[in-house]
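Worksheet: the structure to be examined is printed underneath.
Rule-based calculations on the coordinates, nothing more; no lab input. This structure is a prediction, so every number in the text was calculated from the model and none was measured. FYI the Cβ positions are ideal-geometry reconstructions off the backbone, even for glycines, and counts take in every protein chain you see.
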Amino acid sequence: MCEILDLRSLAARELPALCEFGMKSKVPAGFGYLGPEGAVMPEMGAQLWINCRMTHMFSLFALAGIHPEQSRELAAHGIHALREYFVDREYGGWFSWIDTELDASGQPRPNLENGPRKEAYAHAFVIIAASSATVAEIPGARELLDEARRIQDAYWWDESAGRARESYARDWTELEDYRGANANMHTLESCLAAFDATADTEYLRRGASIATTIINESAREYDWRIPEHYTSNWRIDPDYNRDKPNDPFRPWGATPGHGFEWARLILQLQGAAEAAGLDLNLDWVHEAAAGLYRTALAAWGSDGADGIPYTTDFEGRPVSSQRMHWVICEAIGVSLVISKLAARFSSDSQLPQLAQQWADKFCVYAQDKFIQHPGQWSHELDVHNQPACVTWVGKADIYHAGQAMFLVNLPAQPGFAAALKQSKSA
């Protein structure tokens, strides 16, 4: 095993390496899906969520001064792809999946077989990408953000439920009966990004509504394990996808990694609301973040091996023992956020120290098991911590690893792009 680095040294090495690895994903139509060795997998197409995540990350790299010229060019390439190639000119919104190459007319072919529907999950990332690129002053980003906001208002945001809808047919008919916590988690993330880019406090109100219902109500009811699946009228559906514990986006059961991710997001939401002088009734956040964090930590080694299983039942018993890189990245990220907010956890004074200890432990585990080479994180391991591809093939993107590494040196709030811009101007 190579020398194990501390978190600051790891971030200093990984951020440039992740940027360089991500550069390999550029295709004519935007950004493609990277395979195990970093070559684009054409059969996986150019997918909306990946294109947006890469655009977001290159905007952050540009703001951080990491390969700044190339990063700005790649962020602009991603914005151009969203405005020219992914956009559905007939019905509005963005295709979920297009070809990686352009045809004779200079356009890619939408792949409606692999990506037939408009998805809230992927559209949330359009807002995230456009927001970060707006902060980074990438040409066309503000116009894209304005359109993404319009689409969210028109189709995704359900004011009566205080949460986001899930998916539509391409022409915005046939709204799916299913509702999901995952799409709403990233909608909350998009609200934080949009607020940083626009200062529009409506996004904090929406984020608070999502978090209050899914976390302070549903997750609290389930002892801080998050119900992921709901019916169209927002009743918890405990049997949804029971036969699919390894589904990449809608696995059955509870997902400890989402416990970490939600904990970080609600802490950042509370910080944003306080900075904006808003009272959004978020006094429950520290209790919830502690509950989510400790419950997710309890999954470590619960199947007899180091690491965190992908899914558990609602008593904490492992259902899928695959290990995902994004889970460890989110575990590192929220551990850092909690340790930075130590003074806020007066009712759980031992938590920040525990979080710092776990951040260091996760750092060692990531280097020992997930990072094959600088910038190249295996996306999935099996129960024996060996590379696997039950859920994920290849190394789809750099978003989770990159954000975790940025959080080593950034404050808990504001969000990534705004914090990087502030640090650059300080």
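Dipole of segment 7-425, Cα-centred, from +1 at each Lys and Arg C-beta and -1 at each Asp and Glu C-beta, to the nearest 20 debye?
Approximately 880 debye in magnitude.
When the chain is fully extended, how far beyond the present Cα-Cα distance does Glu37 get from Ala298, taking 0.36 nm per residue of separation?
That pair, Glu37 and Ala298, stretches by 90.6 nm at full extension.
Quick check: net charge around Pro108, other residues with Cβ under 10 Å of its Cβ, Lys/Arg +1 and Asp/Glu -1?
The answer is -3.
Run the numbers on segment 74-135 and let me know its relative contact order in percent, using alpha-carbon pairs under 8 Å that are six or more apart.
Relative CO of segment 74-135 lands at 30 percent.
For the chain, set up a Gaussian network in which alpha carbons nearer than 10 Å are linked by springs, and say which option among Phe21, Phe416, Phe249 fluctuates the most.
Its mean-square fluctuation being the largest, the pick is Phe249.
Identify which of the listed values of mean projected area of the Cα convex hull in nm² was calculated from the structure shown: (i) 21.2; (ii) 24.4; (iii) 18.9.
(iii)
How high is the relative contact order of the chain? Use alpha-carbon pairs under 8 Å, at least six apart in sequence, and give a whole percent.
18
Which of the GluC sites (Glu not before Pro) found in segment 1-35 are in a DSSP loop and have at most 12 neighbouring Cβ atoms, other than their own, within 10 Å?
Those that pass, being in a loop and sparsely packed, are Glu3.
When ranked by the protection proxy of mean other Cβ atoms within 10 Å per residue, highest first, what sequence do the peptides 200-210, 259-269, 352-362 form?
Descending mean neighbour count gives 259-269, 200-210, 352-362.
For Glu202 paired with Lys361, estimate the spin-label separation in nm (one decimal), with each label point 7 Å from Cα along the Cα-to-Cβ line.
4.5
Give the separation of the Cα centroids, segment 86-101 to segment 228-291, in Å.
One Cα centre to the other: 29 Å.
Please report how far the C-alpha centroid of segment 139-190 lies from that of segment 24-44, rounded to the nearest whole angstrom.
Cα centroid of segment 139-190 versus Cα centroid of segment 24-44: 26 Å apart.
Give me the one-decimal nm value for the distance between modelled label points at Ser232 and Ala276, 7 Å along each residue's Cα-to-Cβ direction.
3.1
How much mean residue ellipticity at 222 nm does the chain get from its helices, if each DSSP H run of length 4 or more adds -39500 (n - 2.57) and you divide by all residues, to the nearest 500 deg cm²/dmol?
After summing the helix terms and dividing by residue count, I get -14500 deg cm²/dmol.
Got the relative contact order for segment 257-391 handy, in percent, Cα pairs under 8 Å and 6 or more residues apart?
Reported as a whole number, the value is 22 percent.
For labels at Ser346 and Arg220 in the simple 7 Å Cα→Cβ model, what's the distance in nm?
According to this spin-label approximation, the distance is 2.1 nm.
Could you give the DSSP H helices of the chain that reach 27 angstrom or more along their long axis (alpha carbon positions) and whose average Kyte-Doolittle hydropathy is no lower than -0.5?
Result, helices passing both filters: 256-275.
By the scheme Lys and Arg +1, Asp and Glu -1, what is the net charge of all other residues having a beta-carbon under 14 Å from that of Phe58?
-1
Compute the length gained on full extension between Ser423 and Glu315: take 0.36 nm times their separation in residues and subtract their Cα-Cα distance, giving the result in nm to one decimal.
Gain in length upon complete extension: 34.6 nm.
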